[in-house]
1. Checking the condition within 12 Å of the ligand (Cβ to nearest atom), of a type in the set (A, V, I, L, M, F, W, C) and within 22 Å of Leu274 (Cα to Cα), which residue from Phe135, Phe102 passes?
2. Looking at the range 96-130 only, could you name the residues that are over 30 Å from Ser157 (Cβ atoms) and open to solvent by 20 Å² or more (accessible area, probe 1.4 Å)?
3. If I ask for residues that are basic (Lys, Arg) and either closer than 13 Å to Gly113 by Cα or within 9 Å of the ligand (Cβ to nearest atom) (or both), which ones from the range 138-148 would you list?
4. Name the residue that is farthest from the ligand (Cβ to nearest atom), counting only residues in the range 149-175 that are farther than 15 Å from Ser109 by Cα, out of contact with any strand residue (DSSP E or B) (no Cβ under 7 Å at 6 or more places or on another chain) and small (Gly, Ala, Ser).
5. Which of the residues belonging to the range 198-209 are in a loop (DSSP other than H, G, I, E, B) and surrounded by 14 or more Cβ atoms within 10 Å (Cβ to Cβ)?
6. Anything in the range 174-197 that is open to solvent by 50 Å² or more (accessible area, probe 1.4 Å) and more than 25 Å from Gly238 (Cβ to Cβ)? List them, or say none.
7. So which of Met255, Met250, Met240 ends up being surrounded by 15 or more Cβ atoms within 10 Å (Cβ to Cβ), in the same structural domain as Ser194 (by TED's automatic domain parsing) and not in a helix (DSSP H, G or I)?
Amino acid sequence: MLRKETYPIEGLQGNAVIERLLELMDDFTAGAEDLERCVGISLTVPGIVSDSQGVLHYNTKLRMTDVPLRQILEDRYGMRTWVENDMNSVVLAERRFGDYAFGNLIYISIGDGLGSGILINDSLLRGKHGGAGEFGHTSVNRSGIRCECGNVGCLDSYISWIAVYSRIITAIATGRPTLIQELSGGDYSKIVPSVYKEALCRGDKLAMDLNEEVAEHLGAAIVNLVNMFNPEALVLGGEMAHGNPELLAMVRKYMDRHAMPILKDDMVFGLASLGEDDKLIGAASVLLQDLFGFTLTE
Ligand SMILES: [Zn+2]
């Protein structure tokens, strides 16, 4: 890798996100010596993405609808541009560069929100509008919390970091003792996934209870996926899963009790293998797959 830069989005939404992105890309490309040799730009983004049109159809958190990202970047930089859903890119990356060289592979990410990428017979499952794999908005409770997507009891409302964070705050506010309070110095804004996982490591009861609840909900949802898609391997990634082997073990146990034996017995189930550069490798994978069919690496 030649150069990597990371910037937070800082709560920006809508057009402001695009403006910021273009500013950053202007700076980034201004420092590049030899843009003529550049094959193109690969942009991956959460939400419902049409890769063929290069359009981000829908992202609730960024408040973006039908944004022609490819057109915008190609017009500005005069370079061929690929636009893909971020989870689709990561499942490709785990397939080609990670520990999971399987053509029937499901990648699930649990962070601020949930996402998944589904590879079937080595092809990405996209659906008509590029919306396949909205795993966080599958329901695990018919009489559950109403979600902004229109559904009720969405998995996202129970196990995303945002959901777990709000449970932690409620617990602290009602006087439940927890190491998380000590680790964050009593500052709610310092309660981040790494603090939660540190508390888990140290055997904090609240963190362990929450992890168990996450595992139950996630287990139920994953059993649905296993029974639907019969994957060769299923990978858990994202901040909530990274460095959380207990979660993996509990979900495996749930799966062993509830999924069809023939579908789950020899299914590989593990944690994501590409570390914090997964999305970067994912973006490169999209381009490599389309231009070269990965012939550069195999
Ligand atoms: Zn939903």
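1. Phe135
2. Within the range 96-130, Arg96, Phe97, Asp99, Ala101, Phe102, Asn121, Asp122, Ser123 qualify.
3. Arg146
4. Gly175
5. Asp204
6. Answer for the range 174-197, where residues must be open to solvent by 50 Å² or more (accessible area, probe 1.4 Å) and more than 25 Å from Gly238 (Cβ to Cβ): Thr174, Gly175, Arg176, Pro177, Glu182, Gly185.
7. Met240 is the lone residue from the list that is surrounded by 15 or more Cβ atoms within 10 Å (Cβ to Cβ), in the same structural domain as Ser194 (by TED's automatic domain parsing) and not in a helix (DSSP H, G or I).
The values are calculated or read from the model by the stated rules, or taken from the named source; none is laboratory data. Please read these numbers as outputs of a predicted model, since none were measured by experiment. All Cβ positions, even for glycine, are placed from backbone atoms using ideal geometry, and neighbour counts span all protein chains on display. We work out accessible area using only protein heavy atoms, side chains counted, and drop any ligands, DNA or RNA first. Shrake-Rupley method; radii C 1.70, N 1.55, O 1.52, S 1.80 Å.
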